[in-house]
Amino acid sequence: MINFKQLIDFRYLFYPYPSGNFKYLIPLSIFFLLLFISAWIFLILSKRISKKHPKKKFFQKIKDMAFTISIGGFFLLFFRYEEIAFLSIRFLLLVWLLLFIGWVGKLIFYYFKTYPKELEEFKIKLQKEKYLKRRK
């Protein structure tokens, strides 16, 4: 059970030598591993889509987020497991997870607000190219 009082305790968050045996090590490792695998999947998917399609841009944004968060998360978990002073403080992992939530929120906003406009412009551009003469 999470003790929310500790999340606002300065000494708890910034203690330079937290234990390397914490109960969230395995779940967080699995989470970052799944995020890393999903980054590779989106990398492969984005390479199969034409360069001009808006879906490629969206997949690249997801890939960048997943690679960044997963690799950084693995580094933070490694520092915590090895009990490296000051790099294993709980605050860094908490900030990293909040960064992930914010980045996902930004991607959701992009998907629902900007992506439909770009997709519509892409479809209009395809329609125009269909009827315009092409150079040989």
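The values are calculated or read from the model by the stated rules, or taken from the named source; none is laboratory data. Quick caveat, the model's predicted, so the values are computed rather than measured. As a convention, Cβ positions derive from the backbone with ideal geometry for all residues, glycine included, and neighbour counts pool all protein chains shown.
For the range 36-53, does any single residue satisfy the condition of being free of Cβ contacts under 8 Å to residues at least 24 places away in the same chain, within 19 Å of Leu76 (Cα to Cα) and out of contact with any helix residue (DSSP H, G or I) (no Cβ under 6 Å at 6 or more places or on another chain)?
Checked against the condition, which is being free of Cβ contacts under 8 Å to residues at least 24 places away in the same chain, within 19 Å of Leu76 (Cα to Cα) and out of contact with any helix residue (DSSP H, G or I) (no Cβ under 6 Å at 6 or more places or on another chain), the range 36-53 yields at least one hit.
Of all residues in the range 3-21 being under 30 Å from Asp64 (Cβ atoms) and either loosely packed, with under 15 Cβ neighbours inside 10 Å or among the charged types (D, E, K, R) (or both), which is modelled with the highest pLDDT?
Phe14
Could you say which residue among Ile62, Ile89 is surrounded by 15 or more Cβ atoms within 10 Å (Cβ to Cβ), touching a residue at least 60 places away in the same chain (Cβ under 8 Å) and β-branched (Val, Ile, Thr)? Before you say what the answer is, go through the steps one by one.
On the way: Ile62 fails: touching a residue at least 60 places away in the same chain (Cβ under 8 Å).
After applying the criteria, what remains is Ile89.
Among the listed residues Tyr111, Tyr115, identify the single one that is among the hydroxyl-bearing types (Ser, Thr, Tyr), crowded, with 16+ Cβ neighbours inside 10 Å and either touching a residue at least 40 places away in the same chain (Cβ under 8 Å) or closer than 27 Å to Trp40 by Cβ (or both). Quick ask: steps written out before the conclusion?
Details: Tyr111 fails: crowded, with 16+ Cβ neighbours inside 10 Å.
Going through Tyr111, Tyr115 in turn, just one is among the hydroxyl-bearing types (Ser, Thr, Tyr), crowded, with 16+ Cβ neighbours inside 10 Å and either touching a residue at least 40 places away in the same chain (Cβ under 8 Å) or closer than 27 Å to Trp40 by Cβ (or both): Tyr115.
Within the range 87-130, can you find the residues that are assigned to a helix (DSSP H, G or I) and β-branched (Val, Ile, Thr)? Walk me through it before giving the result.
Filtering the range 87-130 down to residues assigned to a helix (DSSP H, G or I) leaves 90-130.
Residues satisfying the conditions are Val95, Ile101, Val104, Ile108, Thr114, Ile124.
Give me the pairs, please: first residue somewhere in the range 4-28 and under 13 Å from Phe78 (Cα atoms), second residue anywhere and among the acidic types (Asp, Glu), beta-carbon distance under 6 Å, and either six or more positions apart or on two chains.
Between residues of the range 4-28 that are under 13 Å from Phe78 (Cα atoms) and residues that are among the acidic types (Asp, Glu), the close pairs are Gly20/Glu83.
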